[in-house]
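Please treat every number below as a calculation from the coordinates, not as lab data. The structure presented is a predicted model; accordingly, all values stated were derived computationally and were not measured. Cβ placement follows ideal geometry from the backbone for every residue including glycine, while neighbour counts extend to all protein chains displayed.
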Amino acid sequence: MQKAFVLGAGLGERLRPLTDQLPKPLIPVFHKPLITYAFDHLLAEGVRSFVVNTHHLPEAYARTFPEGKYGESPVAFRHEAPVRLETAGGIANVRDLLGEEPFIVYNGDILTTLPLEPLIREHRERGNLVTLALRSSGPALHIGYDAETHRVIDIRNKLGTGNDGTHLFTGIYICEPEFHEWLTPGKVESVIPIFLTLIQQGKLGAIVLDEGDWWDLGSRAAYLEAHQALAQSGRNPAPAIHPTAQVSSEAQLSGLNIIGPDAVVEAGALLEDCVLWPGARVTGSSRLKRCIVRSGITATEIREGADL
């Protein structure tokens, strides 16, 4: 599996005001853009090039990947304008970039360590048109799955099977190039109606992957919790306080505080379980608990559970 389509065009409405500054796939997690965790995950399983769709704040992607590469791997961007094309429309819009080979689709707003090799093997051995990666627990059990046949049998009971869902859809799946024939170029369309048709024709397979971790970083609570979980697991990729951050020895820090590159914490400041993006500043009069301070913002207040 050489190519992956990483969805980067979401609006991130539940994360505002954080996503007023960055698209959700670019929000920093332990000082790295979220989308780069997807890239690393995919590279480890043999993917060699990426396609990313953009819509909201596309210039942020250009700043983050000015050479159109992640390491040595090419990253091709395709902007969707004036409207966002949704998942199926987004895939149709990059057919020329994906070529005529199987490809992985990966939501750009998730953070996960689930194993991809079993998904790739399942897809190849079963000969599915599309194979979904599922989990048996999680916040949204909308996929009806038959463990005996390894087939998806319904989604939120939309086919009237009486099955409202037993499994979580992880946002990762593999498609054969023939999947493009089911899509309409230029149409604003979700993949769900197409998946429902595939279910009826026995063409939508799945595999349950409960190993590893999985987070949807669609809310500030999930964003903060992912940092905590990474730190507790020992898999955090960088020190909590970036080497270029300036943190006064007279500031008081408790809990887990992620302080990004060139961020400043002045003497007298109190921080508890906060995330400071690159270039954020916290003055000595600030008392912050479970707050997120964006790049270029100066915090001067007493706040709890706020996005600044």
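Here are some notes:
- Per-bin percent of Cα-Cα distances, the chain [20 Å]: 32, 53, 14, 0
- Tilt relative to the chain, helix 220-233 - C-alpha long axis, 0 to 90 degrees, to 10: 90
- Excluding exposed DSSP-loop GluC sites (Glu not before Pro) (at most 14 other C-beta within 10 Å), longest clean stretch of the chain: 149-210
- Whole-Hz Karplus values for the range 37-52 come out as 5, 4, 4, 4, 4, 6, 4, 5, 9, x, 5, 10, 8, 10, 10, 10 Hz, taken residue by residue from phi with 6.51 cos²θ - 1.76 cosθ + 1.60 and θ = phi - 60°; glycine and proline positions read x.
- Nonlocal amide H pairs with A76, under 5 Å, H built at 1.01 Å: F50, V51, V52
- Rounded to whole Hz, the Karplus (6.51, -1.76, 1.60) HN-Hα couplings of the range 25-33, x for glycine and proline: x, 9, 5, x, 10, 6, 6, 10, x
- Each of E59 and A231 was given a label point 7 Å from its Cα along the Cα-to-Cβ line. The distance between the two points is 3.4 nm.
- Based on DSSP H segments of at least four residues, each scored -39500 (n - 2.57), the chain has a per-residue ellipticity at 222 nm of -5500 deg cm²/dmol.
- Cα long-axis angle, helix 117-126 against the chain (0 to 90 degrees, to the nearest 10): 10
- Modelled FRET efficiency - R0 30 Å, D40 with R124, Cβ distances, 0.05 increments: 0.85
- Karplus (6.51, -1.76, 1.60) ³J(HN,Hα), θ = phi - 60°, over the range 247-258, in Hz, Gly and Pro reported as x: 10, 5, 5, 9, 7, 10, 10, 9, x, 9, 10, 9
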